[in-house]
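Each value in this text was obtained by applying a stated rule to the coordinates, not by laboratory testing. Keep in mind it's a predicted model, so treat the numbers as computed, not measured. Neighbour counts run over all protein chains shown; Cβ positions are idealised from the backbone, glycine included.
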Amino acid sequence: MKLAFSTLGVPGLPLSEVTALATAHGYHGVELRAHPEEPVHTGLTAEQRADVAAAFKAAGLDILGVAGYARVAAPGDDEPVFTEVRALVDLARDIGAPYVRVFPGGGDEQSAEEADATAARRLGAAAEYAADRGVRILMETHDSHRTGADAMRVLGLVGHRQVGALWDVMHTWLGGEQPVDSFAALSPHLGYVQVKDIASAEDTTPVALGAGVLPLTDVVEVLSRNGWDGWLCWEYEARWYDAAEPLPGLLGAGREHLARLLNESA
């Protein structure tokens, strides 16, 4: 498996420093948070996008994905969601990222069935657009669809290879799902896996990998046992937790922890 980290852990950090951290600590790639407060977002010009791609190529790193915030199950009109997803797909194509992350985001004002149908309709409509650009859209296990079983209700309806799943191991665990069950549900659609660790179910402050309560050993074990050889991406949510220890000082030990889990599960 290849290892990456998300720029959510180093909010606003210039890309030159991001690539330096990744190479210094032995990561193979980076997931780029796409937001106006970050160096990479959908408002970049063609020249700026080319510069992003060139910077990562020069560093010998992959851009794993563009982590967007489109909410495909959200109530309301389809067109604003389509517009946002298309912009993210175009950005991913232009900088050489194979994946775009979207959220479910179903609201309380609709039933689960309505949210499923809304998400499936929008993802299905976006699938061909993504296919034409060589990009895969991944719905993260998150918010209204936090478990693998929840995500499968949508992905089973879509049935298109350019639409898949991003497994956030915190949300499936908080949803009461065991890693073996999450993988069984998501494996036909799995793009990559976001790993992390947290203080407790009640306190989701990010901590160093292996220092919290998430079943990372079990996650890596089930992936290895099933011959899955994709990406593990450390999403350290520093942007949302002011008290979190700075990620740069944890990156080396985090990579070593993941490498140890991989070796033990081999």
Which part of region 185-202 falls in the paramagnetic zone of ALA243, meaning amide N under 14 Å from the point 7 Å along Cα-to-beta-carbon? 199-202
Two pseudo-spin positions, 7 Å from Cα along C-beta at LEU174 and at ASP203, lie apart in nanometres by 1.6 nm
Net charge near PRO39, counting Lys/Arg +1 and Asp/Glu -1 over other residues with Cβ under 11 Å of its Cβ? -3
What is region 130-266's relative contact order, in percent, from Cα pairs under 8 angstrom and six or more apart in sequence? 19 percent
Using alpha carbon coordinates only, what is the Rg to Rh ratio of the chain, with Rh defined as the Kirkwood radius? 0.94
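What does the charge add up to near ASP94, with Lys and Arg as +1, Asp and Glu as -1, over the other residues with Cβ less than 12 Å from its Cβ?
On the way: positive: ARG49, ARG93, ARG133; negative: GLU47, ASP51, ASP90.
Summing Lys and Arg as +1 and Asp and Glu as -1 gives 0.
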